[in-house]
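J.: My questions will all concern the structure given below.
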Amino acid sequence: IEKAAILRKKLGIHVSGLNIPSPLENFEELSTRYCCESYILRNLAALGFREPTPIQRQAISVLLSDRECFACAPTGSGKTFAFVCPILMKLKSGSKNGVRAVIICPTRELAAQSTRECKKLAKGGKLKIKLMTKELSRSGDFMKMACDILVSTPRRLEYAIRKRKLDLSRVEYLVLDESDKLFELGYLTQIDFVVKACSNPSIIRSLFSATLPEAVEEHARTIMHDAVRIIVGRKNS
Ligand code: ADP
Ligand code: MG
């Protein structure tokens, strides 16, 4: 515990919540501490990622310990991998049982970007990652599709659920990326709708963002239970 506190202090990681797992000291810990499959480590090496960024160190260990979190760290600090890595590790092999993780992004561009990043890290593994396109949201039938991880904007997701072509009742991970923007853009009702559609009681929800306005945190608290709060740097920088 002492060691964790020293590492957090050194890296500017602020946490609140009970029993928070210690941050990763390095990427090797993914295998020594959490039995990470080798393809992920290979991809990390190929991408030239030498060590985890502060938000990755803390958010990855929190999510791998099955804890919900809201994480706030500056733009460009590697938040995508902070949620993608634990999802890839936890889902392990692909299933034919429908969508198991949903990543919500505020814009189409950000959704496309997150999908690309996700695919880079998933290369060589068995998990299928899909970007929700306009086409897919209108006429795709997710019941007949192999898709483990779905990346989408709130509107397209809502549309597909309402058309009954997408069932989120087996979703194990729900991520709200750039959650400050999601709330700013007024997606509150869509997000609540999606949160309800993800009816699996053991779902792990997380929220990632560059700023953590009071209103966002307040709303997040109504959605999540026993969440760990992780702040890297200043809260609203
Ligand atoms: P954020 O979502 O926090 O704005 P991104 O997840 O988009 O940041 O990552 C920003 C860039 O940093 C990306 O190009 C990504 O590939 C790179 N990156 C992520 N993690 C690491 C790491 N551990 N080491 C080096 N580069 C990284
Ligand atoms: Mg991001």
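J.: Looking at Leu212, Leu188 in this structure, which one is under 24 Å from Gly78 (Cα atoms) and hydrophobic (A, V, I, L, M, F, W, C)?
T.: After ruling out the rest, the residue left standing is Leu212.
J.: Same structure again: Would you kindly identify the helices (runs of 4 or more DSSP H) lying entirely within the range 1-89 that contain at least 1 residues that are under 20 Å from Lys120 (Cα atoms)? I'd like the intermediate steps shown before the answer.
T.: Numbers: elements: 2-11, 29-32, 38-47, 54-64.
The helices (runs of 4 or more DSSP H) meeting that bar are 29-32, 38-47, 54-64.
J.: Yes or no: Arg170 farther than 21 Å from Asn200 by Cβ and surrounded by fewer than 19 Cβ atoms within 10 Å (Cβ to Cβ)?
T.: Spelling it out, it is not the case that Arg170 is farther than 21 Å from Asn200 by Cβ and surrounded by fewer than 19 Cβ atoms within 10 Å (Cβ to Cβ).
J.: In the range 115-144, how many residues are of a type outside the set (Ser, Thr, Tyr), in a helix (DSSP H, G or I) and closer than 24 Å to Gly186 by Cα?
T.: So in the range 115-144, the residues of a type outside the set (Ser, Thr, Tyr) come out as 116-132, 134-136, 138, 140-144.
Checking the rest, the ones that are also in a helix (DSSP H, G or I) come to 116-122, 134-136, 138, 142-144.
Those left that are additionally closer than 24 Å to Gly186 by Cα: 134-136, 138.
Residues meeting the conditions: 4.
J.: Starting from the range 128-146, keep only residues that are farther than 15 Å from Glu158 by Cβ, then list their pairs with residues that are among the acidic types (Asp, Glu) and surrounded by fewer than 21 Cβ atoms within 10 Å (Cβ to Cβ) whose Cβ atoms are within a distance under 8 Å, requiring at least 6 positions of separation or different chains.
T.: Taking only residues 6 or more apart or on different chains, the pairs are Met143/Asp167.
J.: Kindly indicate which of Arg8, Arg42 is more than 14 Å from ligand 1 (Cβ to nearest atom), over 21 Å from Met224 (Cβ atoms) and touching a Pro at 6+ places or on another chain (Cβ under 8 Å).
T.: On inspection, the qualifying residue turns out to be Arg8.
Coordinate-derived values only; no laboratory data. Nothing here was measured: the structure is a model prediction, and the numbers come from that model. Neighbour counts run over all protein chains shown; Cβ positions are idealised from the backbone, glycine included.
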